[in-house]
1. Can you tell me which residue is modelled with the lowest pLDDT among those in the range 151-161 that are surrounded by fewer than 20 Cβ atoms within 10 Å (Cβ to Cβ) and either assigned to a helix (DSSP H, G or I) or touching a helix residue (DSSP H, G or I) at 6+ places or on another chain (Cβ under 7 Å) (or both)?
2. Of the residues that sit in the range 95-125 and are basic (Lys, Arg) and assigned to a strand (DSSP E or B), which one is surrounded by the most Cβ atoms within 10 Å (Cβ to Cβ)?
3. Tell me which residues, restricted to the range 14-44, are in contact with a Phe, Trp or Tyr (Cβ under 8 Å, 6 or more places away or on another chain) and not basic (Lys, Arg).
4. Tell me which residues, restricted to the range 77-97, are at pLDDT 90 or above, within 13 Å of THR38 (Cβ to Cβ) and not aliphatic (A, V, I, L, M).
5. Check GLU55 against each of (1) acidic (Asp, Glu); (2) at pLDDT 95 or above; (3) under 20 Å from GLN125 (Cα atoms) and name the one condition it does not meet.
6. Condition first: of a type outside the set (Gly, Ala, Ser), part of a loop (DSSP other than H, G, I, E, B) and within 19 Å of ALA113 (Cα to Cα). Now tell me which residues in the range 40-94 satisfy that.
7. Quickly run through the range 162-202 and pick out the residues that are within 21 Å of the chain's Cα centre (by Cα), in a loop (DSSP other than H, G, I, E, B), closer than 18 Å to GLU120 by Cβ and small (Gly, Ala, Ser).
8. Which residue, of LEU181, LEU165, LEU170, LEU177, is among the aliphatic types (A, V, I, L, M), over 24 Å from GLU91 (Cβ atoms), at pLDDT 90 or above and in contact with a Cys (Cβ under 9 Å, 6 or more places away or on another chain)?
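The values are calculated or read from the model by the stated rules, or taken from the named source; none is laboratory data. Remember, predicted model here, so these are calculated numbers, not experimental data. As a convention, Cβ positions derive from the backbone with ideal geometry for all residues, glycine included, and neighbour counts pool all protein chains shown.
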Amino acid sequence: MSAWSTSTSKDFFEQLQKLFTRAAFQGKGLFATEGVVTLPFSDTYLLSYSSHFYEFHKSDGSVIPAWELKRGDVVKPILSSGNGLLRYQMEDLIEVRGFVNGVPDLCFLGREATSDLVGEKLSYQSLGEMAGACARGSFFLSIGDRPRYVLVCDASPAAGTSERLERMLLEHFHYRLARELGQLGESAILVAPAGALRLYLDLCQKRGMLEGDVKVQPVLRISEAELAGLAGGGR
């Protein structure tokens, strides 16, 4: 069975494995309309080195070829393909986990994007990490009417999680500044009776999407009224 298995899909991939205990599973590689980056091989995702010419953009602004990658690097791929597409930079973050016979094993971490309601500039990656650290299987939602961040959980989290969440957010300079200026309200935690994923999917369907087309992201902008309606008002 082939399915997405990394980033925001990791938890769902593990749930699928529990449902189909006799099936063999293979995670999907990283593909885009413009080209292919990785192919699954055993438990690795190897660079499809013969498909295109690859360069990689590092966080320090430098660009390196594939043969200069090192274990632990977090980079964005740049594709030059045989059909004339030159140096197309993707917005996908990938981590070099190691090498197989010199070929990089690249794990997809997620899209490089930010949540920026009032200038807080919180990356999707950092929000996803904070959500995972506070309550497994949870999602952040940006609230439009009274801007704030809400962590949606499947079950009531441990005591003190709300305070821990706010402390983690305040470690980010621009979020702290927005809070001090009164542009953002204090973060909150909401328990979704039917589960965080079900709430997320229900919202997307109410907006006209088919459930099978939904790509789960760490952050979803939603109004306070929508959130209260979907969650039955439970907090």
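1. Among them, the one singled out is ASP154.
2. ARG111
3. LEU16, GLN17, PHE25, GLY27, GLY29, LEU30, GLU34, GLY35, VAL37, THR38, LEU39, listed by residue number.
4. PRO77, GLU95, ARG97
5. In the conditions (1) acidic (Asp, Glu); (2) at pLDDT 95 or above; (3) under 20 Å from GLN125 (Cα atoms), GLU55 misses (3) alone.
6. Just the residues of the range 40-94 that are of a type outside the set (Gly, Ala, Ser), to begin with: 40-41, 43-47, 49, 52-58, 60, 63-65, 67-71, 73-79, 83, 85-94.
If we keep only those that are part of a loop (DSSP other than H, G, I, E, B) too, we end up with 43, 49, 52, 60, 69-71, 73, 83, 85-87, 90-91.
Hits for the range 40-94 are ASP60, ASP73, MET90, GLU91.
7. SER187
8. Exactly one of LEU181, LEU165, LEU170, LEU177 is among the aliphatic types (A, V, I, L, M), over 24 Å from GLU91 (Cβ atoms), at pLDDT 90 or above and in contact with a Cys (Cβ under 9 Å, 6 or more places away or on another chain), namely LEU165.
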